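Peer 1: Dumping the structure here so I can ask a few things about it.
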Amino acid sequence: MPANTKLYYDTNEVAEIVGCEPSALRFWEKKFPQLNPKRDARNRRRYTERDIEIIRKIMHQRDKQGRTIKGAREQMRRKEESQLLIQRLMRVRKFLVELQETL
């Protein structure tokens, strides 16, 4: 089954997809607020493609960038803040362009 046909993955599937231990996923969930898989009725974790992307970013920060958990968390937080700032600036720009067109 191709990866993008499923909406949710369990812990063991995700561990196999990204190449880590299931215990690492549970640990990172406590350390990274961005990683927050949903829970099913039986309280099992259900990861989405977005969660898997976050896990890959964490692993990249750790393995390729050599960052600690704290450093990776800080880097990801800064990147999120930067993206939010860019979105805000784009909205302001759009507003100003619209305002200029009405004048």
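Peer 1: What number, rounded to the nearest 500 deg cm²/dmol, is the helix-based mean residue ellipticity at 222 nm of the chain, given -39500 (n - 2.57) per DSSP H run of at least four residues and division by all its residues?
Peer 2: When only DSSP H runs of four or more count, the value is -22000 deg cm²/dmol.
Peer 1: Additional query: What relative contact order, as a whole-number percentage, does the chain give when Cα pairs under 8 Å and 6 or more residues apart are counted?
Peer 2: Relative contact order, the chain: 22 percent.
Peer 1: About the Cα centre of region 3-78, how large is the charge dipole given +1 on each Lys and Arg Cβ and -1 on each Asp and Glu Cβ? Please answer in debye to the nearest 20.
Peer 2: Its charge dipole is roughly 420 debye.
The numbers here are math on the coordinates, done by the rules we state, and not lab data. Computed from a predicted structure; not experimentally measured. When we count neighbours, we look across all protein chains shown, and the Cβ atoms used for this are built from the backbone with ideal geometry, even at glycine.
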